Structures are given as structure tokens and as C-alpha cells.
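Comments concern the structure below.
The values are calculated or read from the model by the stated rules, or taken from the named source; none is laboratory data. The structure presented is a predicted model; accordingly, all values stated were derived computationally and were not measured. Methodologically, a virtual Cβ is constructed for each residue, glycine included, from the backbone with ideal geometry; neighbour enumeration extends over all protein chains shown.
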Amino acid sequence: MGFGEKEEALVKESWDFMKQNIPHLSLRFFTLILEIAPAAKGMFSFLKDTDEIPENNPKLKAHALKVFKMTCESAVQLREKGEVVVADASLKYLGSVHLHKGVTEPHFEIVKEALVRTVKEAMGEKWSEEMKEAWGEAYDQLAAAIKAEMKAEA
Ligand code: HEM
Ligand code: ISQ
């Protein structure tokens with residue numbers, strides 16, 4: 001599937017809607033990641049020493065928000081420029097962080113699943129198969145760019 005005006009509009013529309021509920025959604029996103037892959041917990045510095053997912057961990061929220069926002073913004077850039085661009089962190093830096101945290105290929109699928117499910121839950125009746133495809137595509141493009149930087153540094 002390509003990423004055109006329609007896909008961009010779907011991602012933007014759902015992102016605008018989800019913005020109203022960031023604290024809840026970031027927690028939900030993260031909870032889903034750990035539900036799908038409990039072992040991933042040890043990778044996150046802000047969770048290592050806790051037994052449960054903190055309800056009110058500012059670092060967790062800030063991080064999860066960044067991931068959402070970055071996926072959405074890179075989706076817009078993707079359509080406008082035809083390439084992945086990330087705003088406040090360079091791709092090289094993101095590649096490096098994930099490489100050193102031990103993130104591997106299968107992890108990217110887990111985070112994708114959690115992201116798509118979070119959007120689905122948030123959108124309720126507004127959710128559609130097209131929306132799923134659009135977020136999936138936006139995520140895949142960003143993930144591919146991060147993975148390419150990881151390979152380059154490894
Ligand atoms: C850190 C984004 C995929 C695990 C980060 C940071 C961002 C980010 C923005 C914070 C970097 C910083 O400011 O220091 C993304 C995006 C992804 C992605 C956009 C996919 C498109 C993944 C995957 C995993 C993962 C698949 C594995 C489960 C981590 C970990 C950190 C991190 C462990 C470090 C957290 C810490 O302890 O500070 N990611 N990430 N990320 N990410 Fe991801
Ligand atoms: C970092 N990378 C990917 C997903 C994340 C979700 C929540 C917090 C931090 C993250």
C-alpha cells in the first residue's frame with residue numbers, strides 16, 4: 001500500500017482526536033507492549049526497578065507521547081517529501097539508542113501491534129480498516145528508517 005493524501009488524512013484525524021487523551025493512551029500503549037512482550041520491561045530504564053507499570057510515571061508518558069507523535073509527523077513528511085523525517089531527534093540518534101538497548105527485529109512488530117491496538121481502542125466507532133493500514137504504513141516506514149540506522153552502526 002502507498003501512503004497518499006487519504007492515508008495522511010486518516011493518521012492526522014485520529015491523532016488530533018487522540019491528543020485529548022494523551023496520559024491515558026500513552027499508559028495504554030505501554031501496557032500493551034508489556035502485555036505482548038513482558039520481557040521487554042527490563043529494557044526500559046524507567047521501569048527496571050518497579051514491579052508494575054507506574055500509573056503516573058512522567059518519563060514513561062513523555063516517551064510514549066514522543067513515539068506516537070513521531071509516527072504521525074513522519075507520516076505527514078512521508079507524503080510531502082517522500083522520505084522519512086523525524087523532528088526533535090535525528091534518525092542516527094534513534095538508531096543508536098535502540099541498538100544499544102538491544103532492540104531487535106521482532107520487537108518492532110510488537111510495538112507496531114501495540115500502537116495499532118491503542119489507536120483502535122481510542123477511536124472506537126471511528127476506527128476502520130483503512131485507518132489501520134494508514135498507521136501501519138506510517139509506522140513501518142519510520143521503523144525501516146530506524147532499523148537502517150541500527151544496521152549502519154552495528
Ligand atoms: C527509546 C521511539 C521502536 C525500545 C526511544 C525514544 C524514542 C523512541 C523517541 C527516546 C530516545 C531518547 O530521547 O533518549 C521509537 C520509535 C519506534 C521505536 C519511533 C518505532 C518506529 C522501539 C522498539 C523497542 C523500543 C521496537 C523495543 C521494544 C526502546 C527503549 C528505549 C527507547 C528500550 C530507551 C528507553 C529508556 O530506557 O530511556 N524510542 N522507538 N523502541 N525505545 Fe523506542
Ligand atoms: C520507546 N520506544 C518505543 C515505544 C515506547 C513506548 C513507550 C515508551 C517508550 C517507548
**Study point:** Check on LYS41, without any contact (Cβ under 8 Å) to a residue 40 or more places away in the chain, surrounded by 15 or more Cβ atoms within 10 Å (Cβ to Cβ) and either more than 14 Å from ligand 1 (Cβ to nearest atom) or in a helix (DSSP H, G or I) (or both)
**Key:** yes
Review point. Of (1) within 24 Å of ASP16 (Cβ to Cβ); (2) more than 11 Å from ligand 2 (Cβ to nearest atom), ALA114 satisfies all except one. Which?
Key: (2)
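Mind counting the residues in the stretch 103-120 that are over 13 Å from ALA145 (Cα atoms) and near ligand 1 (Cβ under 10 Å from one of its atoms)? It would help to see each step written out before you state the result.
Narrowing the stretch 103-120 to residues over 13 Å from ALA145 (Cα atoms): 103-104, 106-107, 109-120.
Now narrow it down to the ones that are near ligand 1 (Cβ under 10 Å from one of its atoms): 103-104, 106-107, 109-112, 114-115.
Counting residues in the stretch 103-120 that are over 13 Å from ALA145 (Cα atoms) and near ligand 1 (Cβ under 10 Å from one of its atoms) gives 10.
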Check your understanding: Only one residue in GLU125, GLU73, GLU137 is assigned to a helix (DSSP H, G or I), under 13 Å from the mean Cα position of the chain (by Cα) and closer than 18 Å to PHE17 by Cα, so which one is that?
Key -> GLU73
Study note, to complete from the structure: Within the stretch 14-34, restricting to residues that are more than 12 Å from ligand 1 (Cβ to nearest atom) and in contact (Cβ under 8 Å) with a residue 60 or more places away in the chain, the one that is surrounded by the fewest Cβ atoms within 10 Å (Cβ to Cβ) is ASN21
Check your understanding: Which one is surrounded by the fewest Cβ atoms within 10 Å (Cβ to Cβ) among residues in the stretch 56-74 that are more than 14 Å from ALA122 (Cβ to Cβ) and polar (S, T, N, Q)?
Key -> ASN56
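Out of everything in the stretch 77-107 that is polar (S, T, N, Q) and free of Cβ contacts under 8 Å to residues at least 40 places away in the same chain, what residue ends up being surrounded by the fewest Cβ atoms within 10 Å (Cβ to Cβ)?
First, the residues of the stretch 77-107 that are polar (S, T, N, Q): 77, 90, 96, 104.
After this cut, where a residue has to be free of Cβ contacts under 8 Å to residues at least 40 places away in the same chain as well, the list is 77, 90, 104.
Working: GLN77: 19, SER90: 12, THR104: 10.
Filtering first and then ranking leaves THR104.
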Exercise for review: Identify, by number, the condition in (1) at pLDDT 95 or above; (2) under 15 Å from the mean Cα position of the chain (by Cα); (3) of a type outside the set (Lys, Arg) that PRO106 doesn't meet.
Suggested key: (1)
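Can you report the number of residues in the stretch 71-102 which are in contact with a helix residue (DSSP H, G or I) (Cβ under 7 Å, 6 or more places away or on another chain) and within 9 Å of ligand 1 (Cβ to nearest atom)? Spell out the reasoning first.
Step one: list which residues in the stretch 71-102 are in contact with a helix residue (DSSP H, G or I) (Cβ under 7 Å, 6 or more places away or on another chain), which gives 71-72, 74-76, 78-79, 84-87, 91-92, 94-96, 98-99, 101-102.
Then drop every residue that is not within 9 Å of ligand 1 (Cβ to nearest atom), which leaves 71, 74, 86, 94, 98, 101-102.
Of the residues in that region, 7 qualify.
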